[in-house]
Amino acid sequence: MILGAHESVAGGLTNLFDRAARDGCDAVQLWTRSSRQWAAKPLDAPTVAAFHGAHRKARGATTGRALPLAAHASYLINLAAASAAIWERSTETLYDECVRAEALGVAQVIVHPGAAVGCSTTDGIDRVARALVQICRALGSRPKVRLVLELTAGQGSCVGCSFAELAEMLMRAGERRLGVCLDTQHMWAAGIDWSTPHGYAQTMADFDRTVGLKHLRAFHLNDSKKPFGARVDRHAPIGEGLIGAAAFGRLIHDPRFDGVPGFLETPPLPSGEESFAQGLSRLRALRPTAGPPRSSGAARSRRRRGGS
C-alpha cells in the first residue's frame, strides 16, 4: 500500500506538498474547494500551472516517486437526496469537483454517496446511480479522473454502509470509471469486523464476492473512537482507538493492495499538531500479524496496467 494523508491546502493549493514532505507522505489527499460551502472560486490558469509545477517536483518520502493524488469531495454533496433541488446541486457540485481534479492532474475524487432523506434506501441508491451516470456522461468518453464511492459508517439514513449497497450503486450506474474507497473506521462502525485474522479474511472475501477487488481504488486509514457497530463516524489516531494497531499491519502489508493509496484522516494530537507524521511512522513500523493471501490474478493485472 502507498501510505499518505489528507493534507491541508490552507494558504494555497501548493502548500500541501510541503506538508506532505514534512509528514512523510507517499500519497496525498486534498480538498480542491471548500468542504463546507457550495460556492467555490474557479481555478485560474496561474493556480493550475503552479500546482502542476509543484506536483512534478514533489516526491514520496519513502518511495522517491511522484505522489499519487486524490481529492475528497465536499461533505455537502448528497446524491441520495429525495429533494430535487439538493440532488441537482449535489450532482453539479460533484461534476465541478471532477473538472477541478482533472485540471489539477488529480487521479481520483472520493465522495460519500449521501443520505436517503425523505425516501427509502432503495430509492436513495437509485438516485446515487443516476447522478453518477449523469456526471460520467458530462465528463466525456475519455475522462482523466475516477469517481470513487466511500463506504460510510451507517449513521442516520446514509447509504453505502455495506458492500451490497456499494455494489448496487456500481451495477446500476454501469460506469467503468467508478471505484470504491474503504474507510477502516467506517467499516468498524458499520459492523464489518476486519480487525482479527479471521475477520479480515472474511471481510476481503465478502468484498471480492460482492463488489470485486478490482474496484477497490483507495483506503482511508483511521482507528475508531467508538465501539464496533456503533454507526458513528469518529476517527482516532492509529493505535489509539478501539481497532488497535495490529489490524493495520495486516491490511497495509496485503500484497493485493500494492499500489493502492491509503490516506490517514486522523484527528490532531492534543498539542494541536497534525497526527499524520506520527501515524505514518506507526504504520511503517508495523509488520504483518498473519500471512496475507497471495495476489489474485485480477490484482496483478491491475498493477501491470498501472491502475489508479
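Laid out as a table, the results:
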| read-out | value |
| --- | --- |
| Number of positions in the stretch 16-37 that are loosely packed, with under 15 Cβ neighbours inside 10 Å and either modelled with pLDDT of 95 or more or within 16 Å of the chain's Cα centre (by Cα) (or both) | 3 |
| Test result for residue 129, of a type outside the set (S, T, N, Q), assigned to a helix (DSSP H, G or I) and closer than 21 Å to residue 208 by Cβ | no |
| Test set (1) farther than 18 Å from residue 100 by Cβ; (2) among the hydrophobic types (A, V, I, L, M, F, W, C); (3) in contact (Cβ under 8 Å) with a residue 40 or more places away in the chain - residue 138 fails condition number | (1) |
| Filtered residues of the stretch 152-163 (kept if farther than 14 Å from residue 115 by Cβ and out of contact with any Ser or Thr (no Cβ under 6 Å at 6 or more places or on another chain)) | 162 |
| Single residue of 132, 139, 151 found to be under 16 Å from the mean Cα position of the chain (by Cα) and of a type outside the set (S, T, N, Q) | 151 |
| The listed residue being closer than 27 Å to residue 32 by Cα, crowded, with 22+ Cβ neighbours inside 10 Å and either touching a Pro at 6+ places or on another chain (Cβ under 9 Å) or of a type in the set (D, E, K, R) (or both), out of 161, 98 | 98 |
| Flag for residue 289 being surrounded by 21 or more Cβ atoms within 10 Å (Cβ to Cβ) and at negative phi | no |
| Every residue from the stretch 252-288 that is modelled with pLDDT of 95 or more and hydroxyl-bearing (Ser, Thr, Tyr) | 266, 275, 281 |
| Selection status of residue 80, of a type in the set (Gly, Ala, Ser), assigned to a loop (DSSP other than H, G, I, E, B) and surrounded by 23 or more Cβ atoms within 10 Å (Cβ to Cβ) | yes |
| Residues of the stretch 16-50 classified as hydrophobic (A, V, I, L, M, F, W, C), over 20 Å from residue 2 (Cβ atoms), touching a residue at least 24 places away in the same chain (Cβ under 8 Å) and not in a loop (DSSP other than H, G, I, E, B), total | 2 |
| Of residues in the stretch 61-77 being buried (at least 16 other Cβ atoms within 10 Å of the Cβ) and over 16 Å from residue 33 (Cα atoms), the one farthest from the chain's Cα centre (by Cα) | 61 |
| Tally, over the stretch 227-252, of residues that are of a type in the set (D, E, K, R) and either under 17 Å from residue 6 (Cα atoms) or without any contact (Cβ under 8 Å) to a residue 40 or more places away in the chain (or both) | 3 |
| Some residue of the stretch 197-208 being more than 17 Å from residue 254 (Cα to Cα), over 18 Å from the mean Cα position of the chain (by Cα) and surrounded by fewer than 16 Cβ atoms within 10 Å (Cβ to Cβ) | no |
| Flag for residue 184 being among the hydroxyl-bearing types (Ser, Thr, Tyr), closer than 21 Å to residue 86 by Cα and touching a residue at least 40 places away in the same chain (Cβ under 8 Å) | no |
| Selection status of residue 218, closer than 16 Å to residue 113 by Cα and surrounded by fewer than 17 Cβ atoms within 10 Å (Cβ to Cβ) | no |
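Residue-by-condition table, conditions (1) of a type in the set (Ser, Thr, Tyr); (2) touching a residue at least 40 places away in the same chain (Cβ under 8 Å); (3) buried (at least 18 other Cβ atoms within 10 Å of the Cβ):
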{"site": "53", "(1), (2), (3)": "no, no, no"}
{"site": "59", "(1), (2), (3)": "no, no, no"}
{"site": "88", "(1), (2), (3)": "no, no, no"}
{"site": "94", "(1), (2), (3)": "no, yes, yes"}
{"site": "103", "(1), (2), (3)": "no, yes, yes"}
{"site": "110", "(1), (2), (3)": "no, yes, yes"}
{"site": "117", "(1), (2), (3)": "no, yes, no"}
{"site": "122", "(1), (2), (3)": "yes, no, no"}
{"site": "149", "(1), (2), (3)": "no, no, yes"}
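The values are calculated or read from the model by the stated rules, or taken from the named source; none is laboratory data. All values derive from a computational prediction rather than experimental measurement. Positions of Cβ are generated from backbone atoms using ideal geometry, with glycine treated the same way; all protein chains shown enter the neighbour counts.
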